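The values are calculated or read from the model by the stated rules, or taken from the named source; none is laboratory data. Given the structure is predicted, the values throughout are model-derived calculations rather than measurements. Note that each Cβ is placed from the backbone with ideal geometry, even for glycine, and that neighbours are counted across all protein chains shown.
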Amino acid sequence: MGSCDWTPLQAYVSNGSFPAVRNQLLEEWSIYNYIPERRETPADHFFKTFGKFSAAKDVDVRKMLQWTKDNAVGQNIAYMEVMLTGPKGPRFDASLEAQLLAVQEARNATAAAHLLGEVFQTVDAATWKDITDKYLAYGTRVLPPLYVFGGLAVSFMASQASPLVVGVNLVGAETDVTALRDFWLHMQMVRYLRQKYPAVRVALHAGEMTPDLAEPQDLTHHVKDSVTVAMAHRIGHGEDLPFEDDVEGTLKFMLKHGVALEVLLTSNEFVLPQSEGDRHSFPLYFAAGVPMVLSSDDPGILRTSQTEQFMTLAYKYDNVRYADIKAMVLNSIRYSFIKEPQLKARIYSKVQDDLAAFEAEWLSKKAPFYDMRKLLP
Ligand SMILES: [Zn+2]
């Protein structure tokens, strides 16, 4: 597509058709006015948006980040881990792909580590330097295995070397055909890099699946493998847990090793509608006492906010008390990937102060419509 195919938005403003174009863009880029379509699941619609708005991202990334920051400040958010860049991995010898797939077929973890070690030797450490800005770097799980490894390897290198890249994630639809086929290999890749770079922090979306989106055997192990094999420090969604083997073992492992769950209520509602109601996995993690952080996932696409996550949690789960929500707020700093201990301590105590001020204000207030004191511990 040449640049001549682009029409500046200003042209639509001038000819009066901007409101309609705006609606159309919002429908393409988010869940705005979403109407289910045949042959496209809500998850398909959700994951397609990323490719559609990337052109806008390239126009003025500074402005976009500033908007994100202002929006966060308005919601009393003290710290953000922005996922901005999936660095392009290097090009590899294509014959390696067949070898990787063969190792996966045989489920040979030792051979996988050996082969990944060979591939790793060819990754140029300078590649990560073209990351424009910081934060959480990521690999994309729907790509062919060598691309996934390249993206992950470069992300680990970046996080190891730069104080601004606080960790690594693996993004994309977990129920994509390639992502499902190569899940085992992806876990070996993250494990390999975790061992190579023990200081690098990892968050993985894991178990972002429900029975309608994957086969029964796929639902039995993604959370478990993400924490035990890939050794992730945090996992996102975790929705397939009720269908997994050894639920208790996985929960115990998370507790013992302090693996936190990113609770993504609005995201699950849209992307995983089957997880609604009594099928939601939240009560399992909650009852087990797994550390949790409340997250908005992709607030722009989902047209939500951090504030809405608190409201949703409070309305949805009667047994979640103020003390639990407060713990989640503090967890979001405790389980953050901030590298500098002093900075982490400073943000943590700021959040504690904010919470104390909030409690003092509401305890002293005779709220006309609701007695907040009932909510406080
Ligand atoms: Zn997500």
*Which one of the conditions (1) at pLDDT 80 or above; (2) within 22 Å of Ala179 (Cα to Cα); (3) out of contact with any helix residue (DSSP H, G or I) (no Cβ under 8 Å at 6 or more places or on another chain); (4) not in a helix (DSSP H, G or I) does Pro163 fail to meet, given that it meets all the rest?*
(2)
*Any idea which residue in region 335-352 is surrounded by the fewest Cβ atoms within 10 Å (Cβ to Cβ), counting only those that are in contact (Cβ under 8 Å) with a residue 60 or more places away in the chain and touching a helix residue (DSSP H, G or I) at 6+ places or on another chain (Cβ under 8 Å)?*
Ile347
*asked:* If I filter region 193-218 down to residues being in a helix (DSSP H, G or I) and closer than 29 Å to His114 by Cβ, which single residue comes out as nearest to the ligand (Cβ to nearest atom)?
replied: Asp218
*Name the one entry in Val190, Val168 that is in a strand (DSSP E or B), under 30 Å from Lys344 (Cα atoms), without any contact (Cβ under 8 Å) to a residue 60 or more places away in the chain and away from the ligand (no atom under 15 Å from the Cβ).*
Val168
*Determine whether Leu241 is touching a Pro at 6+ places or on another chain (Cβ under 9 Å), of a type outside the set (Lys, Arg) and either over 23 Å from Pro42 (Cβ atoms) or in contact (Cβ under 8 Å) with a residue 12 or more places away in the chain (or both).*
no
*Any chance you could count how many residues in region 171-187 are touching a Ser or Thr at 6+ places or on another chain (Cβ under 7 Å), outside any loop (DSSP other than H, G, I, E, B) and among the small types (Gly, Ala, Ser)?*
0
*Residue in region 219-233 that is surrounded by the most Cβ atoms within 10 Å (Cβ to Cβ), counting only those that are within 16 Å of the ligand (Cβ to nearest atom) and not small (Gly, Ala, Ser)*: Val223
_Please count how many residues of region 200-213 are among the hydrophobic types (A, V, I, L, M, F, W, C) and free of Cβ contacts under 8 Å to residues at least 40 places away in the same chain._
3
*When you look at Leu115, is it assigned to a loop (DSSP other than H, G, I, E, B), touching a helix residue (DSSP H, G or I) at 6+ places or on another chain (Cβ under 8 Å), away from the ligand (no atom under 16 Å from the Cβ) and at pLDDT 85 or above, yes or no?*
no
*asked:* Which residue is modelled with the lowest pLDDT, if the candidates are limited to region 79-112 and must be within 30 Å of Leu65 (Cα to Cα) and of a type in the set (A, V, I, L, M, F, W, C)?
replied: Leu84
